[in-house]
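The values are calculated or read from the model by the stated rules, or taken from the named source; none is laboratory data. Nothing here was measured: the structure is a model prediction, and the numbers come from that model. Cβ placement follows ideal geometry from the backbone for every residue including glycine, while neighbour counts extend to all protein chains displayed.
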Amino acid sequence: MGYNARMSLLTEIFRNKARTFSLEVFPAKTPEGHAKLLETLKGLCALKPDFISCTYGAGGGSRERTLEVVQHIESVHGIAAMAHLTCVSHTRSEMTAILDDIRGRGISNILAMRGDPPKEQPDWKPGPEHFKYSSELVAYIRGRYQGDVAIGVAGFPEGHPLAADREADARVLREKVRSGADFVITQLFFDNKDYFDYVERLRRLGVQARVIPGVLPVTDYAALLRFCALCGATVTPEVRGIFEPLAGDPQATLKAGIAYAIRQCRALLEGGAPGIHLYTLNRIHPTDAILGAIRPPTGSS
Ligand SMILES: Cc1cc2nc3c(=O)[nH]c(=O)nc-3n(C[C@H](O)[C@H](O)[C@H](O)COP(=O)(O)OP(=O)(O)OC[C@H]3O[C@@H](n4cnc5c(N)ncnc54)[C@H](O)[C@@H]3O)c2cc1C
């Protein structure tokens, strides 16, 4: 399949499309899981998203797989892809080698993050040989590769759990953009007001970068509660009211999860969001149903 690396640069795609519809997958831990993911990617790529991103295991454990998945999406399916990358627990010289490996594989889109300390070392603190914050990593990537890479960063509509407050968190985001980030993908949230207020807060600070809302369709309510407790996203009374009574009924949860995600995405788009980044959890369904319902039939621009 013909593939033009320059055209896969997300900054180019954003220049041409007011709205993008993109997906996130995570790398598998085993060879069997990886083979299954490649099958799933066939189905996800057939949905023709504008791009697909692949997460990076804490501490870089999944690095090889993340990069393989990104290369696979671009070279086999001809769809732009982005590698997530975290710098926690890597030294600067290790990061240089990792970045050169990424560029050597022809990968041009990077979601640059600090990441969280490894589970077995929750008190890990960066030393002088580490990047302390994602903004330092962003500045380093931009300085080393200039316009040859598109750099995204993580945004937190409700504030990062460790930020003093939402204003302080917005100033951190401004620093990431000043350091060279091109665009933002947000943490999941359920109250769209949190997203729109966040964008407004950023604009007040002079941040003009594209802020793409990340949306998680609820397919497993117990897992959602666990994840939100970790990442600090609020499970709103509305979400509790819908999904709590459905506990133990996976089919009803899936149906309600699709309906909620469609409503949420439509309201985001109607309010001016520049697209949707769907957390697929490596599932073709419900991704297909949601994308089919929210994307204009003629394409995504
Ligand atoms: C869209 C998205 C994708 C993600 N993908 C992954 C993934 O693939 N792999 C993974 O391991 N994790 C992933 N995460 C989780 C992310 O790594 C964690 O949320 C992590 O805790 C923060 O990373 P960051 O890049 O935002 O860190 P930073 O921007 O460095 O911020 C970390 C903390 O430091 C504070 N801070 C930052 N700069 C300053 C400063 N100059 N002065 C004072 N305080 C500061 C911030 O407020 C925040 O509390 C993702 C998150 C999102 C939203």
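Key figures
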{"read-out": "Qualifying residue in segment 150-169 (condition: among the small types (Gly, Ala, Ser), on the phi > 0 side of the Ramachandran plot and surrounded by 14 or more Cβ atoms within 10 Å (Cβ to Cβ))", "value": "yes"}
{"read-out": "Residue count, segment 107-138 (criterion: in contact with a strand residue (DSSP E or B) (Cβ under 9 Å, 6 or more places away or on another chain) and basic (Lys, Arg))", "value": "1"}
{"read-out": "Selected residue [in contact with a Gly (Cβ under 6 Å, 6 or more places away or on another chain) and of a type outside the set (S, T, N, Q)] from Ile212, Ile258", "value": "Ile212"}
{"read-out": "Conditions (1) within 22 Å of Ala181 (Cα to Cα); (2) among the acidic types (Asp, Glu); (3) modelled with pLDDT under 95: number failed by Glu120", "value": "(1)"}
{"read-out": "Cβ-Cβ under 7 Å pairs, at least 6 apart or on other chains, segment 117-131 side free of Cβ contacts under 8 Å to residues at least 40 places away in the same chain and farther than 19 Å from Cys231 by Cβ, far side of a type in the set (S, T, N, Q) and in a loop (DSSP other than H, G, I, E, B)", "value": "Glu129/Thr91"}
